[in-house]
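Here the structure is laid out as structure tokens; the discussion comes afterwards.
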Amino acid sequence: MATGGDQGGSIRIPSASCGIVGLKPTYGLVPYTGIIPIEFTLDHTGPMARTVQDAALMLEVRILENCALTYPLNRGGSRGRVQGVRTPAPLR
């Protein structure tokens, strides 16, 4: 698994060429923290992984780490909850 930066296809095109899954998330879903922006309206970071389930799991972890969301994403029967990952307390 890896995190890619996408401004114009830099996650999706290489992923498609290599036979892996690349996901450009909805704008603002995954923060661009720690990455030098090129264009604020185009910059996205997202997962690159071997399977859709792995990409969904990685996206869920990134969301939980950065946004402290309290609900899980539907991974469609993937391997279950992530073990050993610490996430921030939910915002109240």
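The values are calculated or read from the model by the stated rules, or taken from the named source; none is laboratory data. Because the structure is a prediction, the values reported are computed rather than measured. For neighbour counting, all protein chains shown are included, and Cβ atoms are generated from backbone atoms with ideal geometry for every residue, glycine included.
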Mind checking whether some residue in the range 1-12 is surrounded by 11 or more Cβ atoms within 10 Å (Cβ to Cβ), part of a helix (DSSP H, G or I) and modelled with pLDDT of 80 or more?
yes
Taking the range 15-45, which residues are under 17 Å from MET58 (Cβ atoms) and free of Cβ contacts under 8 Å to residues at least 12 places away in the same chain?
CYS18, THR26, GLY34
Selection count where residues are more than 12 Å from GLY4 (Cα to Cα), hydroxyl-bearing (Ser, Thr, Tyr) and modelled with pLDDT under 85, scope the range 27-58:
3
Looking at the range 15-56 only, could you name the residues that are buried (at least 16 other Cβ atoms within 10 Å of the Cβ) and more than 12 Å from the chain's Cα centre (by Cα)?
SER15, ILE20
